Each structure stands twice: as structure tokens, then as C-alpha cells.
Amino acid sequence: ADAGAADGGWSGIHAALEAAVPHAEASGALAWLLLFGVPGPIGAASGSSPAGFARDIDRAVEVARAGASLRSPSCGRCHALLAFLLSIGYPPLVHVAHTTVDAA
């Protein structure tokens with residue numbers, strides 16, 4: 001497939017996961033990688049370097065919400081990520097949860 005994925009580069013893995021979303025397994029893996037990132041060779045996460053995976057919490061939430069909305073199979077890792085962020089009080093996610101509950 002992608003040359004970056006074949007040689008273990010993070011850019012190839014990122015592209016392959018993005019292409020597969022929404023999918024239960026790909027969404028879960030991508031969401032967690034986006035949440036925590038992977039440091040590059042000098043300790044800084046890098047979006048363009050094949051040695052790193054940039055952190056993007058808002059995109060992680062977006063991917064996890066799409067994965068959690070899947071039916072048969074649903075994305076368990078996506079539900080876990082959303083629950084984790086809600087439990088620590090991540091403001092944008094908590095606001096959406098309050099808006100949804102308050103509107104009901």
C-alpha cells in the first residue's frame with residue numbers, strides 16, 4: 001500500500017487510518033493516536049515528519065464521535081476515549097454533553 005506505512009512511517013499510518021474512517025477499528029486507533037500523539041526523534045510531536053504523530057484533541061473527539069455512532073460493530077475504543085475525556089472534564093465535550101441533556 002502506502003510507502004510510509006510499509007516502512008513504518010507515521011505519516012503512512014496516519015493516511016491509511018484516515019482513509020478507513022469511519023470504521024470501528026480504524027476510528028478507535030486513529031482517535032487514540034490523535035489524543036496522545038507520538039513524539040518525534042527529538043521529543044516533539046511532528047505532523048509532517050514520518051517519525052512523529054501530531055496531537056490534535058479536537059480531531060480525536062471528532063473521529064471518536066463518528067466511530068461511536070457506528071452500528072454493528074460499534075467502536076468500543078471510541079466510547080472509552082469519549083468517556084475518558086468526559087471524566088476529566090474536557091470543556092468542549094462537557095459543553096456538548098450538557099447542551100444535549102439540557103435540551104432533552
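The values are calculated or read from the model by the stated rules, or taken from the named source; none is laboratory data. Predicted model, so just to flag it, every value in this text is computed and none were measured. Every residue, glycine as well, gets a Cβ built from its backbone with ideal geometry; the counts of neighbours run over all protein chains shown. Accessible surface areas use protein heavy atoms only, side chains included; no ligands, DNA or RNA. Shrake-Rupley method; radii C 1.70, N 1.55, O 1.52, S 1.80 Å.
What is the residue count in segment 8-24 for residues that are under 12 Å from V63 (Cβ atoms), in a helix (DSSP H, G or I) and open to solvent by 40 Å² or more (accessible area, probe 1.4 Å)?
Step one: of segment 8-24, the residues under 12 Å from V63 (Cβ atoms) are 14, 17-18, 20-24.
Going one step further and asking which of them are in a helix (DSSP H, G or I), we end up with 14, 17-18, 20, 24.
Right, trim to open to solvent by 40 Å² or more (accessible area, probe 1.4 Å) and you get 14, 18, 20.
Final tally of qualifying residues: 3.
A search for C-beta distances below 8 Å between a residue of segment 67-91 that is closer than 18 Å to E18 by Cα and any residue that is aromatic (F, W, Y) and open to solvent by 60 Å² or more (accessible area, probe 1.4 Å), counting only pairs 6+ apart in sequence or on different chains, returns R77/W32; L81/W32. Among the residues of segment 49-69, those identified as open to solvent by less than 50 Å² (accessible area, probe 1.4 Å) and modelled with pLDDT of 85 or more are A60, V61, V63, A64, A66, G67, A68.
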